[in-house]
Amino acid sequence: MPAASPSPATTPATATTPTAPAQARTTSPANRLKGGLGGRFGPVALVVAAGISVQFGAALAVMIMPRAGAAGVVTLRLAAAALVLLAVCRPKVRGYSRADWGTVVAFGVAMAGMNGLFYQSIDRIPLGPAVTLEVLGPLALSVLVSRRLVNLLWAGLALGGVVLLSGHGGGGLGFGSLDPLGAAFAVGAGAMWAAYIVFSARTGRRFPQADGLALAMAVAAVISLPLGVAQAGSALLVPSTLALGLGVAVLSSVLPYTLELLALRRLPAPTFAILMSLEPAIAATAGFLVLHQAMSLLDALAIALVIAASMGAVRAQRG
């Protein structure tokens with residue numbers, strides 16, 4: 001499951017033309033090499049690091065689910081992330097219209113639904129397959145928005161990957177032996193991820209900086225609180241559980257938000273989306289290293305098909 005993607009910061013164009021010495025400095029071979037490496041690979045590294053943080057945070061969440069349950073972990077994550085974002089952003093609450101608040105509430109509902117369904121999913125099925133099914137939501141959104149015939153090819157490729165995952169029989173932790181309810185939760189989380197993307201963009205247009213994100217996170221935390229308390233009760237107040245929940249919040253929310261915000265200042269949105277398509281592979285790696293969730297070659301091939309379909313759909317978009 002991805003972190004929230006803040007709206008990219010806009011960089012105003014400079015109003016003056018650099019002098020000749022300045023032009024010479026900026027166009028020297030050394031500066032071109034340094035700028036090329038930093039400009040091309042720096043933001044990419046930030047996005048990949050954010051994805052690693054998110055998925056290893058999800059792996060940590062699986063480890064503490066026996067203590068607090070899936071709903072309890074969601075509550076800990078969203079509440080901790082909301083407190084951090086509200087403290088850092090200090091968003092204003094006055095001067096907004098009813099439509100503005102409606103948008104941020106819808107964003108919070110989508111965020112709560114995406115997190116809640118995803119954590120219910122990884123409580124039942126391996127992390128890699130769960131993220132693979134979840135990413136179908138943004139992929140479907142990309143196909144619908146693009147309205148290009150070639151994206152039907154990418155949709156078919158993704159469908160082939162899912163059929164391969166669910167149909168080869170598997171074994172152990174293979175995809176063929178998935179809990180049907182866990183798979184359904186993952187697909188539902190993907191649908192909420194698509195809604196999350198839509199309302200994230202709308203919120204970014206109505207609220208400055210990350211104010212809308214902080215407010216939406218608070219809404220999501222309030223929504224998840226009753227469910228978390230009902231499932232975990234006083235276990236949420238155990239110091240060790242609180243500390244681990246804070247770790248999940250930092251790895252899955254606070255750190256990725258920061259890295260993605262820095263990356264989006266220098267990285268085109270389509271490139272960012274393509275890099276986000278690597279989430280299933282990162283999730284499978286985290287599941288293997290942290291949770292010892294092995295996968296077969298057919299599972300890996302199926303995940304690769306879904307990743308390729310996501311990348312192709314994003315690259316086929318225009319505008």
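Bear in mind these aren't lab numbers, they're just calculated from the coordinates by the rules spelled out. Worth saying up front: this structure is predicted, and the values here are computed from it rather than measured. Virtual Cβ from ideal backbone geometry, glycine too; neighbours counted across all protein chains shown.
Would you kindly derive the ³J(HN,Hα) couplings of the stretch 231-238 from the backbone phi angles with the Karplus curve 6.51 cos²θ - 1.76 cosθ + 1.60 (θ = phi - 60°), listing them in order in whole Hz, with x for Gly and Pro?
Result, rounded to whole Hz: 7, 9, x, 5, 4, 5, 9, 5.
Neighbouring Cβ atoms within 10 Å as the yardstick, rank Tyr257, Tyr96, Tyr119, Tyr196 fewest first. Don't skip to the end; give the middle numbers.
Working: Tyr257 24, Tyr96 18, Tyr119 27, Tyr196 30.
Ordered from fewest to most neighbouring Cβ atoms within 10 Å, Tyr257, Tyr96, Tyr119, Tyr196 come out as Tyr96, Tyr257, Tyr119, Tyr196.
Convert each backbone phi in the stretch 305-310 into a coupling constant with the Karplus relation 6.51 cos²θ - 1.76 cosθ + 1.60 (shift: θ = phi - 60°), then list the ³J(HN,Hα) values in order as whole Hz, x for Gly and Pro.
Ordered by residue, 3J(HN,Hα) equals 5, 5, 4, 4, 5, 5 Hz.
Find, among the trypsin sites (Lys or Arg not before Pro) in the stretch 60-127, those assigned to loop by DSSP (not H, G, I, E, B) with at most 11 other beta-carbon atoms within 10 angstrom.
Details: sites: Arg67, Arg77, Lys92, Arg94, Arg98, Arg124; in loops: Lys92, Arg94, Arg124.
When the trypsin sites (Lys or Arg not before Pro) of the stretch 60-127 are filtered for loop state and at most 11 Cβ neighbours within 10 Å, Lys92, Arg94 remain.
Using a Förster distance of 30 angstrom, determine the FRET efficiency expected from the C-beta separation of Ala87 and Leu289, and round it to 0.05.
Details: r = 32 Å, r/R0 = 1.07.
Here the calculated transfer efficiency is 0.40.
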